[in-house]
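The values are calculated or read from the model by the stated rules, or taken from the named source; none is laboratory data. All values reported here derive from a predicted model rather than from experimental measurement. Note that we place each Cβ from the backbone using ideal geometry, even for glycine, and neighbour counts take in every protein chain shown. Ligands, DNA and RNA are excluded from the accessible area calculation, which covers all protein heavy atoms including side chains. Shrake-Rupley method; radii C 1.70, N 1.55, O 1.52, S 1.80 Å.
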Amino acid sequence: MLESSRIVRYCLYGASAIVLSEIAYHSYFWLKNHMSKLSTSKEICEVIWTNELTQSCVSQHRRFTTASSSGTVSASGSPTMSELNRIVKLPSPKKSHADCSNPFCAAYNVGRLLEFIDSAKYSLDLAMYTFTSYDLAQAFNRALKRGVLIRIISDHEMAYSSGSQIIPLTKAGVPVRCNSNTMFMHHKFCIIDSPQRNDAIFKKLNKTTKRCHTRGLVLTGSLNWTMQGFGGNWENILITSNAEYVRSYAEEFERMWNAFDFDSMKPAAASATTAAASATATTVTPK
């Protein structure tokens, strides 16, 4: 009888240990997921401004030594950043104000956008009227190499304009669609890792986003991604992770993407990964 009660007691101890270990195990993962959600739930809300003060720090960022008092030609024959009171060459992008106290600094403004684009994990959707910024185009190329699925919508005329980065990105394998009517595709916004887009990507790849707590971002405003936009105009860019705004922009981008289904620019050498981002469509060769 004593031996029997001892066995029962040991069995209870063992069962209790198993139950407690299961509780601890599930509690750990619940806490981990909860903390992960909290880390991505802090809303981002920033505004980037360009104005008449954007150029006030140009002298601090000069790359070349001016050879003449006119300030138009450098010792190496290259143009300086300041010419005829306007920026003709943007400074190297910076991701902090450590080297410049100007809150409207063009270098910081570009650097801040690069920081957000470089943070993209799964998707980038860009609707841009004019896109000539080499630095931002390079950020898209880096994202492409990371396996980020990129889609671009642009205006059918501005996509072929002088200095446009749309054609090089198309040749790199980014699917691009343009309008074919006389209306302007005048939007200037970028969506980074929208939950709706990521869900569609993972569904197509037969994966789950249950543990991927991505926080979508929208970059929108009046600014075209051009040197003039960043250094010579009064412009603004609103950056927000507000879920309703992200959803609304994602839905409109998806609607336009489908509406421009037969107005696609054909990638020259799209990779298998990039090709998955684009639905089957009748395409035209870039001019």
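Things to note:
- Scope region 119-140; condition under 22 Å from Ala200 (Cα atoms) and either out of contact with any helix residue (DSSP H, G or I) (no Cβ under 9 Å at 6 or more places or on another chain) or not aromatic (Phe, Trp, Tyr) (or both); matching residues: Ser119, Ala120, Lys121, Ser123, Leu124, Asp125, Leu126, Ala127
- Checked against the criteria, Ala281 counts as modelled with pLDDT under 95 and either in contact with a strand residue (DSSP E or B) (Cβ under 9 Å, 6 or more places away or on another chain) or part of a strand (DSSP E or B) (or both).
- Contact map, region 224-243: residues that are over 19 Å from Leu53 (Cα atoms) and part of a loop (DSSP other than H, G, I, E, B) paired with residues that are basic (Lys, Arg) and open to solvent by 10 Å² or more (accessible area, probe 1.4 Å), Cβ distance under 7 Å, separation 6+ or inter-chain. Pairs shown: Ser241/Arg215.
- Some residue of region 124-132 being under 21 Å from Ile44 (Cα atoms), buried (at least 18 other Cβ atoms within 10 Å of the Cβ), of a type in the set (Gly, Ala, Ser) and modelled with pLDDT of 95 or more: yes
- Tally, over region 83-114, of residues that are open to solvent by less than 60 Å² (accessible area, probe 1.4 Å) and either at pLDDT 60 or above or in a loop (DSSP other than H, G, I, E, B) (or both): 20
- The listed residue being among the aliphatic types (A, V, I, L, M), assigned to a strand (DSSP E or B) and in contact (Cβ under 8 Å) with a residue 12 or more places away in the chain, out of Ile117, Ile152, Ile167: Ile152
- Lone qualifier among Asp155, Asp135 - being open to solvent by less than 40 Å² (accessible area, probe 1.4 Å) and of a type in the set (Asp, Glu): Asp155
- Selection count where residues are over 20 Å from Leu223 (Cα atoms), hydroxyl-bearing (Ser, Thr, Tyr) and part of a loop (DSSP other than H, G, I, E, B), scope region 121-149: 1
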